[in-house]
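What follows is one structure encoded as structure tokens, with my remarks underneath.
The values are calculated or read from the model by the stated rules, or taken from the named source; none is laboratory data. Keep in mind that this is a model prediction, so the values were computed, not measured. We place every Cβ from the backbone using ideal geometry, glycine too, and count neighbours over all the protein chains shown.
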């Protein structure tokens, strides 16, 4: 796993650096390469079960969403739906591993975060309100399932998954707010760093 991690880290760093100060071609190349390396890393998990295909499918859906979001002339609606599918698959994977125990502060906190995020960007979404709302709902469900898994079974595997899901939520918050409300220096780089780290932590859970 060490060399695979180094390859993922190096490729992801090149994309994050390009997002902050580099050329556009570097972003085009290294975002799909990083996700493909994460796919390879997930495929090499030492004990591969049928449920792990949910993680692989989630990475493929994220790759499709990234491709659609970077294509000029493509409809953002399709990119959001691809990300929705990705996070829904992750949520199902987390849910499949727990004997459900309801820890009410987690969904309450996530509902508040989701409501504040939608309130911040709602007026700028126009025709994208439905796909963005579904995307946010799937992201919150993913984090909720990961949190429930960690609270019910606090081991390294569930902690890695929860951190990964939380980082993906943070990435999406930064991305949506910077895209539809407030731009700030380094927003794209921050969103990308959290995005890659989140996917990596979820893939890492396959090894624990």
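Quick check on my filter: what residues within region 180-190 are in contact (Cβ under 8 Å) with a residue 40 or more places away in the chain and either part of a helix (DSSP H, G or I) or crowded, with 20+ Cβ neighbours inside 10 Å (or both)?
Across region 180-190, the qualifying residues are 180, 188, 189.
Within region 144-167, can one find any residue that is surrounded by fewer than 21 Cβ atoms within 10 Å (Cβ to Cβ), within 25 Å of residue 32 (Cα to Cα) and in contact (Cβ under 8 Å) with a residue 40 or more places away in the chain?
no
Under the condition of being in contact (Cβ under 8 Å) with a residue 12 or more places away in the chain and in a loop (DSSP other than H, G, I, E, B), which residue from region 55-98 is surrounded by the fewest Cβ atoms within 10 Å (Cβ to Cβ)?
96
Let me spell it out: the conditions are (1) out of contact with any helix residue (DSSP H, G or I) (no Cβ under 8 Å at 6 or more places or on another chain); (2) modelled with pLDDT of 75 or more, and residue 25 meets all of them except one. Which number is the exception?
(2) is the only condition that residue 25 fails.
Residues 19, 11, 101: which one is touching a helix residue (DSSP H, G or I) at 6+ places or on another chain (Cβ under 6 Å), modelled with pLDDT of 75 or more and either under 26 Å from residue 136 (Cβ atoms) or surrounded by 15 or more Cβ atoms within 10 Å (Cβ to Cβ) (or both)? Walk me through how you get there before you give the answer.
Numbers: 19 fails: modelled with pLDDT of 75 or more; 101 fails: modelled with pLDDT of 75 or more.
When all the criteria are applied, what remains is 11.
Residues of region 34-54 being part of a helix (DSSP H, G or I) and without any contact (Cβ under 8 Å) to a residue 12 or more places away in the chain, which ones?
Let us first name the residues in region 34-54 that are part of a helix (DSSP H, G or I), namely 34-43, 52-54.
Once the filter is applied, which keeps residues that are part of a helix (DSSP H, G or I) and without any contact (Cβ under 8 Å) to a residue 12 or more places away in the chain, region 34-54 yields only 53.
Quick one: how many residues across region 38-52 are surrounded by fewer than 21 Cβ atoms within 10 Å (Cβ to Cβ) and within 13 Å of residue 203 (Cβ to Cβ)?
Qualifying residue count for the region: 8.
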